[in-house]
Structure formats: structure tokens, C-alpha cells
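Structure, as C-alpha cells:
Any read-out appearing in this document is the output of simple, stated calculations on the displayed coordinates, not a laboratory observation. It should be emphasised that the depicted structure is a prediction, and the values quoted were computed from it without experimental measurement. Every residue, glycine as well, gets a Cβ built from its backbone with ideal geometry; the counts of neighbours run over all protein chains shown.
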Amino acid sequence: MRHATAQSAHLLVSEADHGRLTTLARASLDRAPVIAEELLVEMERATVTDGAAMPAGVVRMGSTVILRGAAGSVQRMTLVYPGEADIAENKVSVLTPLGTALIGASAGQTVRWSTRDGRELSLTIETVEPLPVVDARS
């Protein structure tokens, strides 16, 4: 079962994220085969671009997003690598069904995924906050 948005949805990923996520997914095939396979499928169908050319409204690693549920509930979360995940701080791992659905999606898209117990869930990406600027000189 697909965890991410419909296959026809456009998926844009930076070169750096694509490389790291492909490596992460391959390394996770033994521990979490279903979600690792899903992430590999997403990386295979992604359009890969230079990080500097990524539009502001696309979810990347480290992006913070505002998500709206069908009932109007609003959630704010940051997409992170597994070692940084912390649900108490609203940091969701890319190696979860929701995280895999979010990567490469754009503001305005609705992401859909299946829970372990088979429920279908969806949230609409309201906004994607800009990534923090890192000063390379520090």
C-alpha cells in the first residue's frame, strides 16, 4: 500500500537529500523493510535538483511544516533524520510513513499514508517554513 501522496504528484528533492535518503533507506532495509522500500520508491520517482534551486515551498530534510487535518486541526512539525526524531518536540523521522509522505511534497498538497493498523490518514501541507540559514564561516 502506498504511504505517500498519489504517484502522479510531483516530487522534488535536492541532490544532497536524495543521496543521504537513498543511503539511509538501503541501510534500513533489514530493520524497517516496508518503510525503507517506500522511501526508496519515492527517491526513484523524485525529480532531483540542485539544493540552491529548490523552491521555498517544497518539504526538505529539516523543513518545518504546518499541516491541517480534515477536521481543521493544525499541527506544526519538523522533518528530521531518525536519530533526531522526538515526538515531544514535533520532530518526525523521515523513516515513518508520515515522514516519507512529506519529503519532496509541496505546500498545498495533501499527503496520505497508512498506519500500522491499516487506517488511512491524510493531512494538507499549509505552509513550509524556510530552512534556517547556516553561516559557513562559523
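Remarks
- The length gained on full extension between Ala53 and Ser122, counted as 0.36 nm times the residue separation minus their Cα-Cα distance, comes to 22.0 nm.
- Shape class for the range 7-81, computed from the alpha carbon gyration tensor (a ≥ b ≥ c): oblate, with a/c not under 1.5 and a/b at or below b/c.
- Here the spin labels are modelled as points 7 Å beyond Cα on the Cα-Cβ line, and at Glu89 and Thr23 they lie 2.2 nm apart.
- This ranking places Arg31, Arg26 by how few other beta-carbon atoms lie within 10 Å of each, fewest first, which gives Arg31, Arg26.
- Spacing of the modelled spin labels on Leu131 and Arg31, each 7 Å from Cα toward Cβ, amounts to 2.3 nm.
- As a length-normalised measure over Cα pairs under 8 Å and 6 or more apart, the relative contact order of the range 12-129 settles at 26 percent.
- Look at [x] 40; [y] 37; [z] 57: the one that is percent of Cα pairs over 21 Å apart derived from this structure is [y].
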